[in-house]
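Accompanying notes for the structure given below.
The values are calculated or read from the model by the stated rules, or taken from the named source; none is laboratory data. Remember, it's a predicted structure, so these values are computed and weren't measured experimentally. Ideal geometry is used to build each Cβ from the backbone, glycine not excepted, and the neighbour counts take in all protein chains shown.
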């Protein structure tokens, strides 16, 4: 439980400390912990301020949300281009939805049927394309990262990186216990050798 809490704090701290970092890699936890924390914060701010503070908060996290997405994509050996396309597709989806609504309203008034048809097609096409891009990006953000070094280094999910952190973060008592165990085993081995030599000398004296 304590390790999970430490991971949440560490992930959200890195979300802000690596504000402009589009290099290196980030694990799934580093991406999804900040996602749900920011969702909770935004929801609470929206409740207490009728949406004003949540809008300001949304503006504040645009850049770090983009950069952590880039690092998460790097963890799966994918380029920043997918993050850019994903962001653009969001605007395309919004624009396409507006066009779709406009076409429906125009159709209701029965004016310019040719333009209405083209608008409906364009809106539907834009929505589908943006939805496919968003779905693919979501899948990439969910799947595990590379456990070996890739084109973006050996951070994130790389076993070399995580094992290094494990050994660096082991409690000193554990290391001391291992050292004590090793010392005890060595002392026991020396004692056995001394006993064997004494027994051999006794056998020789009998002869």
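Could you pull out the residue among 18, 71, 28 that is in contact with a helix residue (DSSP H, G or I) (Cβ under 8 Å, 6 or more places away or on another chain), within 30 Å of residue 148 (Cβ to Cβ) and surrounded by 20 or more Cβ atoms within 10 Å (Cβ to Cβ)?
71
Of all the residues that make up segment 46-70, how many are within 22 Å of residue 137 (Cα to Cα) and assigned to a helix (DSSP H, G or I)?
Count: 11.
So which of 23, 10 ends up being surrounded by 13 or more Cβ atoms within 10 Å (Cβ to Cβ), farther than 19 Å from residue 80 by Cα and within 15 Å of the chain's Cα centre (by Cα)?
Residue meeting the stated conditions: 10.
What do you reckon, is residue 43 buried (at least 16 other Cβ atoms within 10 Å of the Cβ), part of a helix (DSSP H, G or I) and at pLDDT below 95?
So residue 43 fails the test.
With modelled with pLDDT under 95, more than 26 Å from residue 43 (Cβ to Cβ) and surrounded by 12 or more Cβ atoms within 10 Å (Cβ to Cβ) as the only criterion, which of 96, 134, 58 stands out?
96
Assess whether residue 163 counts as being assigned to a helix (DSSP H, G or I), closer than 27 Å to residue 21 by Cβ and at pLDDT below 85.
So residue 163 fits the description; yes.
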